[in-house]
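Take a look at the structure set out below.
The values are calculated or read from the model by the stated rules, or taken from the named source; none is laboratory data. Since the structure is predicted, the reported quantities are computational estimates derived from the model, not experimental observations. Methodologically, a virtual Cβ is constructed for each residue, glycine included, from the backbone with ideal geometry; neighbour enumeration extends over all protein chains shown. Remember, those area values only see protein heavy atoms, side chains included, never the ligands or the DNA or RNA. Shrake-Rupley method; radii C 1.70, N 1.55, O 1.52, S 1.80 Å.
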Amino acid sequence: MSLIIKHLFIPTKSLCANFQQPLVRNITRYSTKSPVISSNNVLNSLTDWETLNKKKKVSKAMKAYLERAQEHDDFMKRQQFEYNIGKRHLANMMGEDPETFTQKDVDRAIEYLFPSGIYDPAARPLMKPPEEIFPARKAAEFDEAGRPHHYLFYTGKPNFFKVMFDAAENIQLSYIFEDKVLRKKATPDPDGTLNLSSSVWLTKDQLEQMLVENITDLEYDNFKLVMERLASLPYAYRHKEFIEKFRKSLGSQRFALEIPKPSYDDNGRAFITTYECLRKKARGDVTLRSPGTGKITINGKDLTYFDDIQSREQVVFPLIFTGMQDKVDVECNIEGGGPSGQAGAIRWGIAWSLRSFVDTDMLQRMQVAGLLTRDNRRRERKKPGQPGARKKATWKKR
Amino acid sequence: MANKMKIIKKSMAWYYPNYLLPKIRGVIQCRDYARNTTFQSYYQNPVFRKEDQAKLIESSELSKIAAFPVKPPAACETSSVYHDPIVNKVINHIMEMGKKSLARSLIEKAFENIKRTQIERYHLASTQQEKDKIELDPKKILHQAIENSKPLLQLTPIKRGGITYQVPGPITENRSLFLAIKWLLEATYEKERTVHFPEQFAWELLDAASNSGKVVKRKQDLHRLCEANRAYAHYRWQ
């Protein structure tokens, strides 16, 4: 409260410079927290607008906000308390130390104690800290008199439009700088480059979370347009910090993943098994043995397990690509789905297992060939009111 | 605890303003039923053929591309020497109702017919010079046939003053490839009922590869028409 009152001083002082005495009285009254002024002589000595101004000291909006904030704080405190208790209970149930029980352990415990077969992971039971579940809210955007802090408050989305203004300003600055360089005939900075290849713009949801504001699709498109424009300028690297704020790195480096060391069987042959090779509805496992002669076994049969040539080609694709077609033996068990899905699953399994038998150069080439990417596309569901996933009935006037 | 959370969520309705409620639901459940069935836009197209990769290695761009996620190659694409994107395209044009293996067997039979005819011609040829001229590779013949059937110009109907003019203009690479394959197949489908598709298709390909036949004539007709309509060409930009 005391902080808020300090803010109040400045405008009141400047307003009441002529009324030295009332000012003092004014403040003391406020600081003793009695907003209603009953004294007659105060009313007499002040002009009308002064009284009005004073009564507005704590605006209705601010009052409501304070109440809401208080309520929210209490609510969050209660939630945090319950979460902590729940965590301790879980730790005890799992027979672990409650003091060192982390969120990771909580997730594991929930998965163990409440097993759920629901397909959508987001619909399964969960226990997360309350800050993650209840969205962040904005602090008061106005002072006690109801005047907004932010100069873009009346746009309704001050944070978003601030970003847009900043981006536009950076574009202008970039143009000015370019002109300057041209006028001076200076050579451009050789090491000043902006590498955006390994990151993407924030998605709409991420941006909304960052700005704590809901934005429309059109506004998001505009945001992307402006940022692309800024990033495409030759001197964009001078605003690198600003641009980086709104980008998210793709991050997922395949080679950072651990490549398993092969185990050895009774004959002293190295082998590696990849479980869960999935494609469409097919699933299976693939075992690679090295050294081998290029023998392929699928569910006990050889390559003729597949009737069509396309599927056979798919199975040998990674072997031919890496040139290992006569250096390893392949055994796979596959079930579910059709020939195309099964062949795709085996293709991925062989490529994934081959990582242990090839050098990093070849790994890079396999990555560029897309052999190491899991194809997680599934059949799209049929929609009600139309004959297929996308297909619509022929339009008839009546 | 999970149940507790759900109860809390219900009891929050009175507390949170309405515009916040959908947001809460979004955070807890994220129910996106229309899941993405495609790869994100930043996924790169795969480069899986050995000669293409060799080019990338030469220009040292391979390691740059390797930093990106890459789409997996389609089920009909391999790095094998027998794989040919143009043949794949033709297979897809022939395919009906998704019966790809049938389409593939048809084109393979056509290739066999071409091979037989060409070998017969080869053996009938008397001198070595004549023998050298005869192309024995059916895939090369297909490529040559398509190259010969590709139109260079096209007519686009443009309406000016209530009259539709056929205005000649340049054609994109993709469209001319599409038209070439389409014309070859249309010429093939105009056959006697007793003649099978692979035989007729083989003849058409051999004709087109030697720069004669229905399809090449169709292409030349189009070019002639474009030449005749030269006077309308200015409608493209006026």
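Key figures for this structure:
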read-out: Complete set of residues in the range A:291-328 that are of a type in the set (Ser, Thr, Tyr) and either crowded, with 20+ Cβ neighbours inside 10 Å or touching a Phe, Trp or Tyr at 6+ places or on another chain (Cβ under 7 Å) (or both); value: A:Tyr305, A:Ser311, A:Thr322
read-out: Meets criteria (under 30 Å from B:Trp237 (Cβ atoms) and of a type in the set (A, V, I, L, M, F, W, C)) for B:Ile163; value: yes
read-out: Number of the exception - A:Asp73 against (1) open to solvent by 50 Å² or more (accessible area, probe 1.4 Å); (2) in contact with a Phe, Trp or Tyr (Cβ under 9 Å, 6 or more places away or on another chain); value: (2)
read-out: Selection within the range A:313-337 - more than 9 Å from chain B (Cβ to nearest Cβ) and of a type in the set (A, V, I, L, M, F, W, C); value: A:Val315, A:Leu319, A:Met324, A:Val328, A:Val330, A:Cys332, A:Ile334
read-out: Residue pairs meeting the criteria (Cβ under 6 Å; at least 6 apart or on separate chains; first more than 9 Å from chain B (Cβ to nearest Cβ), in the range A:358-378; second among the β-branched types (Val, Ile, Thr) and in a helix (DSSP H, G or I)); value: A:Val358/A:Thr322; A:Met362/A:Thr322
read-out: Count - residues of the range A:76-106 that are within 13 Å of chain B (Cβ to nearest Cβ) and either loosely packed, with under 11 Cβ neighbours inside 10 Å or modelled with pLDDT under 90 (or both); value: 0
read-out: Verdict on A:Ser340 being open to solvent by 20 Å² or more (accessible area, probe 1.4 Å), closer than 22 Å to B:Tyr43 by Cβ and either among the small types (Gly, Ala, Ser) or facing chain B (nearest Cβ under 10 Å) (or both); value: yes
read-out: Cβ-Cβ under 7 Å pairs, at least 6 apart or on other chains, the range B:50-73 side of a type in the set (D, E, K, R), far side open to solvent by 80 Å² or more (accessible area, probe 1.4 Å) and in a loop (DSSP other than H, G, I, E, B); value: B:Lys71/B:Asn45
read-out: Among (1) touching a His at 6+ places or on another chain (Cβ under 9 Å); (2) open to solvent by 80 Å² or more (accessible area, probe 1.4 Å), the one test that A:Lys281 misses; value: (1)
read-out: Residues of the range B:65-87 that turn out to be under 15 Å from the mean Cα position of the chain (by Cα), more than 8 Å from every other protein chain (Cβ to nearest Cβ) and open to solvent by 20 Å² or more (accessible area, probe 1.4 Å), as a count; value: 5
read-out: Whichever residue in the range A:112-162 is open to solvent by 50 Å² or more (accessible area, probe 1.4 Å) and in contact with a Ser or Thr (Cβ under 8 Å, 6 or more places away or on another chain) and, among such residues, is nearest to the other protein chains (Cβ to nearest Cβ); value: A:Arg124
read-out: Condition met for B:Leu206 (modelled with pLDDT of 95 or more and either closer than 28 Å to B:Lys109 by Cβ or open to solvent by less than 30 Å² (accessible area, probe 1.4 Å) (or both)); value: no
